1. Is at least one residue of region 87-96 in contact with an Asp or Glu (Cβ under 7 Å, 6 or more places away or on another chain) and exposed (fewer than 12 other Cβ atoms within 10 Å of the Cβ)?
2. Go through region 27-41 and count every residue that is in contact (Cβ under 8 Å) with a residue 40 or more places away in the chain and either in a strand (DSSP E or B) or in contact with a Phe, Trp or Tyr (Cβ under 6 Å, 6 or more places away or on another chain) (or both).
3. Mind checking which residues of region 1-52 are at pLDDT 85 or above, among the acidic types (D, E) and either within 14 Å of Q71 (Cβ to Cβ) or within 13 Å of the chain's Cα centre (by Cα) (or both)?
4. Tally up the residues in region 49-75 that are closer than 18 Å to K7 by Cα and in a helix (DSSP H, G or I), please.
5. Please go through (1) in contact (Cβ under 8 Å) with a residue 40 or more places away in the chain; (2) surrounded by fewer than 18 Cβ atoms within 10 Å (Cβ to Cβ) for G24 and return the number of the only condition it doesn't satisfy.
6. Take P56 and tell me if it is out of contact with any strand residue (DSSP E or B) (no Cβ under 9 Å at 6 or more places or on another chain) and either closer than 27 Å to L134 by Cα or not aromatic (F, W, Y) (or both).
7. May I ask you to list the residues in region 75-97 that are of a type outside the set (F, W, Y), at pLDDT below 95 and under 16 Å from the mean Cα position of the chain (by Cα)?
8. Looking only at region 87-101, filter to residues that are touching a helix residue (DSSP H, G or I) at 6+ places or on another chain (Cβ under 8 Å) and assigned to a loop (DSSP other than H, G, I, E, B); which one of those is nearest to K119 (Cα to Cα)?
Amino acid sequence: MEEIVKKFPDIILDTNIIIHFIKGETRGEVLVQYLQNQQVCFGISSVTEMELYLKPELTEDEKIKIEECLQYFSIIDVNSYIAKIAAYYRKDYHIPYVDVFIAATAKYLDIPLWTYNLKDFKQIPNLTVTQPQLNTQLSSSV
């Protein structure tokens, strides 16, 4: 992967996608593929950043992997608008606290959310939620 240029994100990532990426798991390959091809700019909520560092017994190597990984994403801080959207989602849809902030960030920016946890997010109206898939057209050029 070459020079890192951050811009307005095209997609918000749920924490589970980044965890698969950091662990080098098969589900993380989709992120590798898109980052190598610089197809889109990914964003994460600052709450996702917090969640990554909350892992019990986080090792120094894992902390370094997280820091290296985060440089590829635009990190979106929670503002008053995102907080209000998150409160509405929590009250009306009973989504877990961390997930409401991730969903609210995508909604506030009006961009899709990628996750492997569709069940919590699919109930939110007018929020585009997708489970990422490897792009076979990109795979041949990687």
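The values are calculated or read from the model by the stated rules, or taken from the named source; none is laboratory data. Since the structure is predicted, the reported quantities are computational estimates derived from the model, not experimental observations. Positions of Cβ are generated from backbone atoms using ideal geometry, with glycine treated the same way; all protein chains shown enter the neighbour counts.
1. Residues of region 87-96 that are in contact with an Asp or Glu (Cβ under 7 Å, 6 or more places away or on another chain), as a first pass: 95-96.
Add one more test, that the residue is exposed (fewer than 12 other Cβ atoms within 10 Å of the Cβ), and what stays is 96.
Yes - at least one qualifying residue is present in region 87-96.
2. Adding up the residues that qualify gives 1.
3. The answer is D10, D14, E49, E51.
4. Total satisfying the criteria: 4.
5. (1)
6. Spelling it out, P56 is indeed out of contact with any strand residue (DSSP E or B) (no Cβ under 9 Å at 6 or more places or on another chain) and either closer than 27 Å to L134 by Cα or not aromatic (F, W, Y) (or both).
7. The answer is P96, and nothing else.
8. Result: I95.
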